[in-house]
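Enquirer: This is the structure, below, for whatever I ask next.
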Amino acid sequence: MAEEALYNEDLSIHDQWDEICSQLKMEFGETAFDSWLKPLSISSFDNGVMNICAPTAFMKNWVIAHYSDRIHKIWEHKNPEIKKVQFVVQNIAAPSTQSFSHSDTSLLKKIKSTPTPQSLYGLNYAANSFYAPSEDSEYFVSKLNPAYTFENFVVGKTNEFAYAAAHKVAESRNVSFNPLFLYSGVGLGKTHLMHAIAQYIKTNDPTRQVVYLSAEQFLYKFVNALRYKDTAAFKEQFRSVDVLMIDDVQFLANKEKTQDEFFYTFNSLMEGGRQIILSADKSPNDLDGIETRLKSRLNSGLVADIMPTDFELRLGILHQKAQQMGISLPQNVAEFLAQKISANIRELEGSLKRIAAHSQLLSGREITLDMTQDVLKDMLRSIDRKTTIDEIQKKVAEYFNISVKEMQSSRRARNVARPRQIAMYLAKQLTSRSLPEIGRKFDRDHTTVMHAVRKVEELILEDASLAENVESLRRSLEN
Ligand code: ADP
Ligand code: MG
């Protein structure tokens, strides 16, 4: 540990921050990271106090409430000179275009300038001097990615139904399917389709008021309303909305009060003939921790899933993205990638970006199969290895002579808890799963996984026989 701190002294504060960001992304997952942490930037460091800027007071408070302890801990560990981490709001006069590069300002302007009493931001937060309305409103409507349009969405067998449903909802003035519920595994296009709907309506029917937000933001707004005893204003915000879109509804699992509120909002919008569009990582029936009555509402319209991609679609997507990036992608390279990188579209895109960047850096070096294999070495190796959490659980359980069931149970006896921690540690090391994803496999949350990983890291240093066990398990899993 001391060694690591020493090493890190050589890194600049900005490099350290980059590293911290990567770690935070891993720990909290991409959605939370993109929403709350990515827009932060370092402002200054003096006298042991690190000042970090948030673009709005709203975000500053959220970050303080949810992430500041962790940021402080990681940083302290990396750089013992840092005694305190402080969050400040960036000067509004100089909006950070970087942080909000995708923010849909015209949509924001439209909403901000709607002077009706029911306007989204009218009185609600003005009454509450803690949040300046202009700041808060900016974040109320999530940023829309201008690249996420219907035109840019490649349609294939696995997603044509979801695409058709999304398109239909976007183009119909009268509510057709209500609610539209989209679900799929990660990185398969839910958010893309949702943004496409919002942007389509905005262009073709600008009088309709569309609100898109993540379930996490919905939750945050609600919790805040409760805190300031302002739930009436909260409800009011949604009343004039024509189309309400909430992404990643699974985030509301086990948040009963928020679910109740959502249920209420949902019903009143439905009764008023407004369109609701939702997404989640599972079908309504399979969502854990969501109340039965809400599930049945979620099921009451059209439920459309996006299935894992097939080879053809992956090929189509690669060609389309290559064209957009202005690179020429030989067919054999495209086929190679489409074959190898099948987990999700985000990864597929990532691989293409890496190849493109590489070719551009070497002033237009031709993209070939050899070069691709070379550039993507690490990625391909980890895909080839393809160790799954299930395998890890099975192997580790066998090794310690317990059952996989016991490993996933709530039992805390040492002979069960230790193997469980080791399995979590190996899952973090050998797979590209995030901490929350690993946690789910063990029926635990991400903090438990984080703790387990650290614990095992410590034990490896202290306990030679345990280190040997872990090593031998790792070897057997890697083969
Ligand atoms: P999800 O919300 O389901 O996790 P996203 O919508 O964020 O997935 O998609 C991940 C990435 O893959 C995005 O960059 C998106 O543009 C891209 N993508 C997904 N599906 C398609 C598709 N059918 N055509 C083109 N790009 C796609
Ligand atoms: Mg998404």
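Each reported figure results from applying straightforward, stated rules to the coordinates on display, with no laboratory input. All figures in this text were calculated on a predicted structure; none of them were measured in a lab. All Cβ positions, even for glycine, are placed from backbone atoms using ideal geometry, and neighbour counts span all protein chains on display.
Enquirer: Which of rounded, prolate or oblate describes region 144-201 when judged by the alpha-carbon gyration tensor and an a/c cut-off of 1.5?
Expert: Because a/c hits 1.5 or more and a/b fails to exceed b/c, region 144-201 counts as oblate.
Enquirer: With charges set only on the Cβ (+1 for Lys and Arg, -1 for Asp and Glu), what does the dipole of region 312-453 come to about its Cα centre, in debye to the nearest 20?
Expert: With Lys and Arg at +1 and Asp and Glu at -1, about 760 debye.
Enquirer: Further, regarding this structure: Can you tell me what share of the DSSP beta bridges in the chain is antiparallel? A percent to the nearest 5 is fine.
Expert: The antiparallel proportion sits near 20 percent.
Enquirer: Percent antiparallel among DSSP beta bridges with both residues in region 13-89, to the nearest 5?
Expert: If I count the DSSP bridges inside region 13-89, around 45 percent turn out antiparallel.
Enquirer: How big is the gap, in Å, between the Cα center of region 310-384 and the Cα center of region 16-91?
Expert: If we compute the Cα centre of each part, the gap is 33 Å.
Enquirer: Amide H of Met50 versus every other amide H placed in the peptide plane: which residues, excluding those fewer than 5 positions away on the same chain, fall under 5 Å?
Expert: It is Lys83, Lys84, Val85, Gln86, by chain and number.
Enquirer: Next up: Can you tell me the relative contact order of the chain? Whole percent, Cα pairs under 8 Å, sequence separation 6 or more.
Expert: Reported relative contact order: 12 percent.
Enquirer: For a quick check: sort Tyr228, Tyr425 by the number of other beta carbons within 10 angstrom, fewest at the front.
Expert: Ranking Tyr228, Tyr425 by Cβ neighbours within 10 Å, fewest first, gives Tyr228, Tyr425.
Enquirer: Pulled fully out, how much extra length does the chain show between Ser432 and His319, if you take 0.36 nm times their separation in residues and subtract their Cα-Cα distance?
Expert: 38.1 nm
Enquirer: Output the 0 to 90 degree angle, nearest 10, between the alpha-carbon long axis of helix 160-171 and the longest principal axis computed from the alpha carbons of the chain.
Expert: Once rounded, the angle reads 30 degrees.
Enquirer: Could I ask something else about it? At 1.567 mPa s and 4 °C, plugging the Kirkwood radius over alpha-carbon pairs of region 311-385 into Stokes-Einstein gives what diffusion coefficient in µm²/s?
Expert: So the translational diffusion coefficient is about 107 µm²/s.
Enquirer: Let me ask you something else. Rank Leu219, Gln429, Met26 by how far each Cα sits towards the positive end of the charge dipole of the chain (+1 on Lys, Arg Cβ; -1 on Asp, Glu Cβ) and give me just the farthest.
Expert: Leu219
Enquirer: Further question on the same structure: Whole Å is fine, so just give me how far the alpha carbon centre of region 445-479 lies from that of region 224-262.
Expert: So the separation of the two Cα centres works out to 41 Å.
Enquirer: If you take the square roots of the eigenvalues of the alpha-carbon gyration tensor of region 389-478 and sort them as a ≥ b ≥ c, do you get rounded (a/c under 1.5), prolate (a/b over b/c) or oblate?
Expert: Judged from the Cα gyration tensor, region 389-478 comes out rounded (a/c under 1.5).
Enquirer: Points 7 angstrom from Cα along the Cβ direction at Asp378 and Asn332: gap in nanometres?
Expert: Placing both labels 7 Å beyond Cα along the Cβ direction yields 2.7 nm.
Enquirer: How large is Rg over Rh for the chain, taking Rg from the Cα atoms and Rh as the Kirkwood inverse mean of 1/r across Cα pairs?
Expert: Across the chain, the Cα-based Rg/Rh ratio is 0.97.
Enquirer: Collect residues whose amide H, placed 1.01 Å from N in the peptide plane, falls under 5 Å from the amide H of Ile42; neighbours closer than 5 in sequence don't count.
Expert: For Ile42, whose amide H was placed from the backbone, the distant partners under 5 Å are Cys53.
Enquirer: Right, next: Measure nothing fancy, just the Cα-based angle from helix 389-399's long axis to the longest principal axis of the chain, in degrees from 0 to 90, nearest 10.
Expert: It works out to around 30 degrees.
Enquirer: Here's something else I'd like to know. Please arrange Glu261, Glu151 by how many other C-beta atoms lie within 10 Å of their C-beta, fewest to most.
Expert: Ascending number of Cβ neighbours within 10 Å: Glu151, Glu261.
Enquirer: While we're here: Using a simple charge model, +1 on the beta-carbon of Lys and Arg, -1 on the beta-carbon of Asp and Glu, nothing else, what dipole does the chain show about its Cα centre, in debye to the nearest 20?
Expert: 1100
Enquirer: Could you pull out every residue, at least 5 positions away or on a different chain, whose amide H is within less than 5 Å of the one on Gln209? Hs are placed 1.01 Å off N in the peptide plane, and Pro or chain starts have none.
Expert: Distant-sequence amide H within range of Gln209: Asp242, Val243.
Enquirer: Quick one: if you stick a label point 7 Å off each Cα along the C-beta vector at Ala413 and Lys157, how many nm between them?
Expert: Result for the modelled spin labels: 4.9 nm.
Enquirer: Right, next: Could I have the simple spin-label model distance between Asp69 and Leu226, label points 7 Å from Cα toward Cβ, reported in nm to one decimal?
Expert: 1.8
Enquirer: If one takes the longest principal axis of the Cα atoms in the chain, at what angle in degrees, from 0 to 90 and to the nearest 10, does the Cα axis of helix 311-325 lie?
Expert: 70
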